[in-house]
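Colleague: I have a structure here, written as structure tokens, and I will follow up with some questions on it.
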Amino acid sequence: MIAVGFTTSKKLIAMGRMQSSICRAGVAGIKDVGPMLQAMLPEYLFSLLKSIGQTASEHSSKAYVVGGTVRDAILGRPSLDLDIVVEGDAMAVAKSISPADSKKIVFNRAFGTACIPLDDEVHIDIAMARAETYSAPGALPTVIPASIQEDLLRRDFTINAIAASIAPDDFGTVSDPLQGLSDLEIGLVRTLHDKSFVDDPTRIIRGIKYVNRFSFVFDHHTQDQLELAIWEDAVKTISPHRLTDELRLLFIEEKPWGAIWDLAQFCVLNSVWCYLTIPHESLPILQKLEDFEAMLTEYLPDDYSIWLARLLLFFANVPPAKIADGLSVFDLNQRESRVVEQFVLVRDESLAAIKNMNSPKDSELYGLFSPLQPEIALTLVALRGKKANRVPLQRYFTRALNVAPELTGDDLIEMGIGPGPAIGEILKRLRLAKIDGEVRTREDERAVAQNILRNLAEDVETERKV
Ligand code: CTP
């Protein structure tokens with residue numbers, strides 16, 4: 001397969017620039033985000049936000065909502081994560097908040113943070129206002145208590161460096177020392193300083209995520225810094241764990257195609273390991289993958305992993321002999337590693353088999369797809385290219401996969417077939433015959449089983465004579 005070129009996609013950037021000219025007029029002048037927070041949050045969360053502000057005041061501290069919460073409220077996008085920063089004793093504030101339905105609070109004292117999971121979807125993060133220093137590129141930062149202004153200065157992008165007070169006396173009042181509101185208005189993703197991507201190269205992936213999620217663009221200087229950091233191998237300093245976490249988040253974005261394309265165009269992953277390139281035509285391939293997933297939602301198993309199916313694309317050019325090196329770039333769980341490994345090992349042969357399929361019977365589809373994890377089956381059909389078509393997948397997942405013989409191994413033993421490998425072989429052939437509608441009733445199955453057994457016995461006899 002041919003990898004995409006390594007140059008920055010000018011066309012994509014130009015497209016992004018056009019979209020970003022849809023201005024959010026007036027955003028730069030916002031002084032009070034209170035009404036926007038109220039519009040974005042469910043009533044109980046808005047009340048909780050106010051009571052956290054009140055509690056902080058009672059502890060002689062001041063609380064702010066920051067980052068994505070403020071950004072999304074201004075953009076009018078729904079968000080259920082509350083990022084709160086406290087000037088003062090954040091841990092005391094976290095401890096004294098115990099919403100009735102909160103699960104256990106998770107404290108990280110080294111970072112001065114507490115996470116309150118309200119339910120599977122809603123999290124409240126409370127952190128002390130802090131400044132950070134990085135001992136080495138890509139390392140986790142060392143933190144010291146600081147003011148909200150200093151706290152905003154340590155962040156990734158100006159659009160994430162806006163705070164709003166949640167104190168009772170000035171609820172909603174905006175702090176925007178880095179002109180994040182102006183960048184939100186014109187649709188710019190801009191770092192706060194030149195070392196930002198080197199200090200924390202996960203910001204390269206985060207930046208690509210925001211540019212694509214909001215149809216924003218990088219400001220020119222930021223894009224230069226991003227390309228320079230990649231060129232200087234900054235991405236290699238990200239630990240496999242953090243790299244995997246960031247990609248997981250990126251790949252489950254609503255429409256991750258543009259971001260995945262940008263990852264390839266900016267050489268983000270192949271700067272870590274040269275084989276991590278995506279095939280030509282990845283945008284239509286990704287669209288097909290998404291289309292297949294939507295069509296088969298009801299039929300895919302619960303552990304089907306959307307992010308993993310997208311990661312497989314980056315393994316489309318990995319030679320089987322190099323799979324161990326490829327896996328060591330990421331921090332995958334056991335199942336994920338198994339799926340990636342199987343994909344690389346079977347990819348070329350299965351792809352050829354899919355391409356050569358000519359009006360296959362359902363039993364052939366079963367033979368081809370059933371040994372494959374579903375992420376692999378979908379990705380391979382999407383990779384098939386222009387002719388990729390949904391029908392074989394649809395027939396496999398909706399019909400062939402769900403057909404099984406009525407007879408069990410015990411039934412076969414009762415029929416006098418001795419325990420041994422013949423049982424498995426008969427059940428397999430029975431299944432294929434049933435998939436193709438050649439047997440229907442239990443009686444049909446018994447007759448076919450006897451037939452298969454006779455054939456197997458004849459085969460053994462012939463082999464003995466030979
Ligand atoms: N942050 C940062 N650098 C990082 C990660 C996070 O500066 N590498 C800061 C940003 O200010 C960000 C905030 O921490 O807004 C919270 O991080 P996170 O929850 O990951 O991002 P959100 O802004 O909530 O964005 P998303 O909608 O993608 O979750």
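The values are calculated or read from the model by the stated rules, or taken from the named source; none is laboratory data. Just so you know, these numbers come straight off a predicted model, no measurement behind them. Backbone-built Cβ (ideal geometry, glycine too); neighbour counts: all protein chains shown. Remember, those area values only see protein heavy atoms, side chains included, never the ligands or the DNA or RNA. Shrake-Rupley method; radii C 1.70, N 1.55, O 1.52, S 1.80 Å.
Colleague: So, in the stretch 209-225, of the ones that are outside any helix (DSSP H, G or I) and in contact with a strand residue (DSSP E or B) (Cβ under 9 Å, 6 or more places away or on another chain), which residue ends up nearest to the ligand (Cβ to nearest atom)? Spell out how you get there, then give the answer.
Modeller: First, the residues of the stretch 209-225 that are outside any helix (DSSP H, G or I): 214-219.
Those left that are additionally in contact with a strand residue (DSSP E or B) (Cβ under 9 Å, 6 or more places away or on another chain): 214, 216-219.
Values: Phe214: 10, Phe216: 13, Val217: 17, Phe218: 16, Asp219: 17 Å.
Per the stated criteria, the residue is Phe214.
Colleague: Examine the stretch 337-350 for a residue that is of a type in the set (Lys, Arg), open to solvent by less than 40 Å² (accessible area, probe 1.4 Å) and either out of contact with any Asp or Glu (no Cβ under 9 Å at 6 or more places or on another chain) or part of a loop (DSSP other than H, G, I, E, B) (or both), and state whether such a residue exists.
Modeller: So far as the stretch 337-350 goes, yes, one or more of its residues are of a type in the set (Lys, Arg), open to solvent by less than 40 Å² (accessible area, probe 1.4 Å) and either out of contact with any Asp or Glu (no Cβ under 9 Å at 6 or more places or on another chain) or part of a loop (DSSP other than H, G, I, E, B) (or both).
A quick yes/no check of all residues on (1) in the same structural domain as Glu364 (by TED's automatic domain parsing); (2) over 19 Å from Pro360 (Cα atoms); (3) under 39 Å from the mean Cα position of the chain (by Cα):
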{"position": "Gly420", "(1), (2), (3)": "no, yes, no"}
{"position": "Leu432", "(1), (2), (3)": "no, no, yes"}
{"position": "Val439", "(1), (2), (3)": "no, no, no"}
{"position": "Glu445", "(1), (2), (3)": "no, yes, no"}
{"position": "Leu453", "(1), (2), (3)": "no, yes, no"}
{"position": "Asp459", "(1), (2), (3)": "no, yes, no"}
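Colleague: Can you name the residue in the stretch 64-91 that is open to solvent by 10 Å² or more (accessible area, probe 1.4 Å), more than 11 Å from the ligand (Cβ to nearest atom) and in a strand (DSSP E or B) and is also nearest to Gly172 (Cα to Cα) among such residues?
Modeller: Across the stretch 64-91, the extreme among qualifying residues is Tyr64.
Colleague: Taking the conditions exactly as written (within 25 Å of the chain's Cα centre (by Cα) and either open to solvent by 40 Å² or more (accessible area, probe 1.4 Å) or modelled with pLDDT under 95 (or both)), does Leu327 satisfy them or not?
Modeller: Judged against the criteria, Leu327 is not a match.
Colleague: Check whether at least one residue in the stretch 119-128 is away from the ligand (no atom under 15 Å from the Cβ), open to solvent by 10 Å² or more (accessible area, probe 1.4 Å) and more than 25 Å from the chain's Cα centre (by Cα), and report yes or no. Talk me through it step by step, then tell me what you get.
Modeller: So in the stretch 119-128, the residues away from the ligand (no atom under 15 Å from the Cβ) come out as 119-120.
With open to solvent by 10 Å² or more (accessible area, probe 1.4 Å) added as a condition, the list becomes 119-120.
Add one more test, that the residue is more than 25 Å from the chain's Cα centre (by Cα), and what stays is none.
No.
Colleague: Which one of the conditions (1) free of Cβ contacts under 8 Å to residues at least 60 places away in the same chain; (2) in contact with a Pro (Cβ under 8 Å, 6 or more places away or on another chain); (3) among the hydrophobic types (A, V, I, L, M, F, W, C) does Ala316 fail to meet, given that it meets all the rest?
Modeller: Of the numbered conditions (1) free of Cβ contacts under 8 Å to residues at least 60 places away in the same chain; (2) in contact with a Pro (Cβ under 8 Å, 6 or more places away or on another chain); (3) among the hydrophobic types (A, V, I, L, M, F, W, C), the odd one out for Ala316 is (1).
Colleague: Consider Asn451 against the criteria (1) over 30 Å from Arg338 (Cβ atoms); (2) not in a helix (DSSP H, G or I): it satisfies all of them except one. Which criterion is unmet?
Modeller: Going through (1) over 30 Å from Arg338 (Cβ atoms); (2) not in a helix (DSSP H, G or I) one by one, Asn451 breaks only (2).
Colleague: Follow-up question, since we're still on this one. Restricting attention to the stretch 156-208, which residues are modelled with pLDDT of 95 or more, assigned to a loop (DSSP other than H, G, I, E, B), open to solvent by 10 Å² or more (accessible area, probe 1.4 Å) and more than 12 Å from the ligand (Cβ to nearest atom)?
Modeller: Selection gives Pro168, Asp169, Asp170, Phe171, Asp176, Pro177, Gln179, Arg190, Asp194.
Colleague: Let me ask something additional. Can we say Gly172 is on the phi > 0 side of the Ramachandran plot and assigned by TED's automatic domain parsing to the domain that holds Val70?
Modeller: yes
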